[in-house]
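In what follows, a single structure is set out as structure tokens and then discussed.
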């Protein structure tokens, strides 16, 4: 396995436990600038993008470039290496949805100039480019739309609901609502937030299929 990352929103500590593995190689690289992996490549998992509202609101241009230029570079690499390609998309392709739960047949309700538009529009563009490479270039592609996933090594200041609640609990602080949750999640008539979350391992298992 070869991992490419520029640590824009993470740290080397996230992969430090893999340093001694002979089947793991790390290349520090920015996918928006280039994508080069020497030798044979069987499959590419394109996971690159700021994902937390804290990050993509602070890094709007890079978020757009990750979805556009980064996806293009990754797809060109897949085409060159004749590799399978998996795009990690996200529930934000539906924007501020008016249908719950969302089916794949639902096309969404997105504000293209709103504060979240850099993320909400980058992912549909990445999906469109992935589809175009499949239909016009013959690349073996797939898209998985991931909803509110949490797992090990998330930053305490990530800004998303689960790490924020865990950080508050460990600090002995009151569990308060998270701006991301209260601002964007739909509610029942009682006012309770509806927030679907997924633990990382099942997401990995589904993505491998």
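Being at pLDDT 95 or above and not in a strand (DSSP E or B) is the requirement here; does residue 100 meet it? The answer is no for residue 100. Of the residues in segment 33-42, at least one is closer than 20 Å to residue 127 by Cβ, touching a helix residue (DSSP H, G or I) at 6+ places or on another chain (Cβ under 8 Å) and in a loop (DSSP other than H, G, I, E, B). Give the residue that is farthest from residue 51 (Cα to Cα), with candidates limited to residues of segment 138-150 that are modelled with pLDDT of 95 or more and in contact with a helix residue (DSSP H, G or I) (Cβ under 7 Å, 6 or more places away or on another chain). Once the filter is applied, the top-ranked residue is 139. Kindly list the number of the only condition in (1) farther than 23 Å from residue 4 by Cβ; (2) at pLDDT 95 or above; (3) touching a helix residue (DSSP H, G or I) at 6+ places or on another chain (Cβ under 9 Å) that fails for residue 135. Evaluating residue 135 over (1) farther than 23 Å from residue 4 by Cβ; (2) at pLDDT 95 or above; (3) touching a helix residue (DSSP H, G or I) at 6+ places or on another chain (Cβ under 9 Å) leaves (3) as the failure. Within segment 127-154, the residues that satisfy the criterion of being part of a helix (DSSP H, G or I), touching a strand residue (DSSP E or B) at 6+ places or on another chain (Cβ under 6 Å) and under 23 Å from residue 112 (Cβ atoms) are 127, 130.
Entry remark, segment 1-23: residues being assigned to a strand (DSSP E or B) and in contact (Cβ under 8 Å) with a residue 40 or more places away in the chain number 2 in total. Can you find even one residue in segment 24-32 that is assigned to a loop (DSSP other than H, G, I, E, B), more than 23 Å from residue 204 (Cα to Cα), over 12 Å from the mean Cα position of the chain (by Cα) and without any contact (Cβ under 8 Å) to a residue 12 or more places away in the chain? No, there is no match, as no residue in segment 24-32 is assigned to a loop (DSSP other than H, G, I, E, B), more than 23 Å from residue 204 (Cα to Cα), over 12 Å from the mean Cα position of the chain (by Cα) and without any contact (Cβ under 8 Å) to a residue 12 or more places away in the chain. Pairs are defined by a Cβ separation below 7 Å, a sequence spacing of at least 6 or placement on different chains, a first member in segment 111-138 that is without any contact (Cβ under 8 Å) to a residue 12 or more places away in the chain, and a second member that is loosely packed, with under 13 Cβ neighbours inside 10 Å; the pairs so defined are 117/111.
The values are calculated or read from the model by the stated rules, or taken from the named source; none is laboratory data. The shown structure was predicted, so the numbers you read here are calculated from the model rather than taken from an experiment. Don't worry about glycine lacking a Cβ; one is built from the backbone with ideal geometry, like all the others, and counts go over all protein chains shown.
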